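Okay, structure first, notes after.
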Amino acid sequence: HIVIFSNSDGIFHLFNINGLFICSSDLSEAAKVVMIDAQSSFVISGTENGGVVVRTLHNLRIIDRTSGHPNPAVCCITTSTSMHHVVVGMQSGLIQIVSLGKR
C-alpha cells in the first residue's frame, strides 16, 4: 500500500502498489507527524494538539485515538514492537508513553 498525506486539505489517500485508489480518510485535526509501523499494519499520526491517531493500513479506519494534551504539538512518534505502546515526543521536549491496548 501507498499512503499519501495532503497537509493542504488534511486527507490521507490510500493506493495499492499498482497505483489504484483504495480510499481516503479526512483528518479531524492537522497531523504534524505520520508513520507506518514496522509490520506495515498501521498508520500512526500525531496532531498539533498532542493527540495520537492509529489507523489500519488496509482501509484507514481509526482503531485507536488519544485525546490531545495541553502540551504543544507532537514532533516524533515510535512504537514498541508489540504495538501496545507508542512513544510520543512533544515539541516542548516532554516524552509520553501511550498505551494502545492489545492489538
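The values are calculated or read from the model by the stated rules, or taken from the named source; none is laboratory data. Since we're looking at a predicted model, the values are computed, not measured. Ideal geometry is used to build each Cβ from the backbone, glycine not excepted, and the neighbour counts take in all protein chains shown. These area figures cover heavy atoms from the full protein model, side chains too; ligands, DNA and RNA do not enter into them. Shrake-Rupley method; radii C 1.70, N 1.55, O 1.52, S 1.80 Å.
Looking only at the range 34-90, count every residue that is assigned to a loop (DSSP other than H, G, I, E, B) and among the charged types (D, E, K, R) and tell me the total. Let's see the steps before the verdict.
In the first step, residues of the range 34-90 are kept if they are assigned to a loop (DSSP other than H, G, I, E, B); the result is 37-41, 48-51, 57-61, 67-73, 80-84.
Those still in the list that are among the charged types (D, E, K, R) too: 37, 48, 61.
Result for the range 34-90: 3.
Is it fair to say M90 is at positive phi and surrounded by 14 or more Cβ atoms within 10 Å (Cβ to Cβ)? Walk me through how you get there before you give the answer.
Numbers: at positive phi: no; surrounded by 14 or more Cβ atoms within 10 Å (Cβ to Cβ): yes.
In short, no.
State which residue is nearest to H85 (Cα to Cα) when the search covers only the range 16-27 and only residues that are open to solvent by 40 Å² or more (accessible area, probe 1.4 Å) and assigned to a strand (DSSP E or B).
Here the residue is D26.
Please work out if H13 is at pLDDT 90 or above, touching a Phe, Trp or Tyr at 6+ places or on another chain (Cβ under 8 Å) and either exposed (fewer than 13 other Cβ atoms within 10 Å of the Cβ) or not aromatic (F, W, Y) (or both). Before the answer, list the steps.
Details: at pLDDT 90 or above: yes; touching a Phe, Trp or Tyr at 6+ places or on another chain (Cβ under 8 Å): yes; either exposed (fewer than 13 other Cβ atoms within 10 Å of the Cβ) or not aromatic (F, W, Y) (or both): yes.
For H13, the condition - at pLDDT 90 or above, touching a Phe, Trp or Tyr at 6+ places or on another chain (Cβ under 8 Å) and either exposed (fewer than 13 other Cβ atoms within 10 Å of the Cβ) or not aromatic (F, W, Y) (or both) - is met.
Exactly one of these conditions fails for G101: (1) at pLDDT 85 or above; (2) surrounded by fewer than 17 Cβ atoms within 10 Å (Cβ to Cβ). Give me its number.
(1)
Condition (residue is at pLDDT 90 or above, exposed (fewer than 13 other Cβ atoms within 10 Å of the Cβ) and on the phi < 0 side of the Ramachandran plot) applied to the range 28-42: is it met by at least one residue?
no
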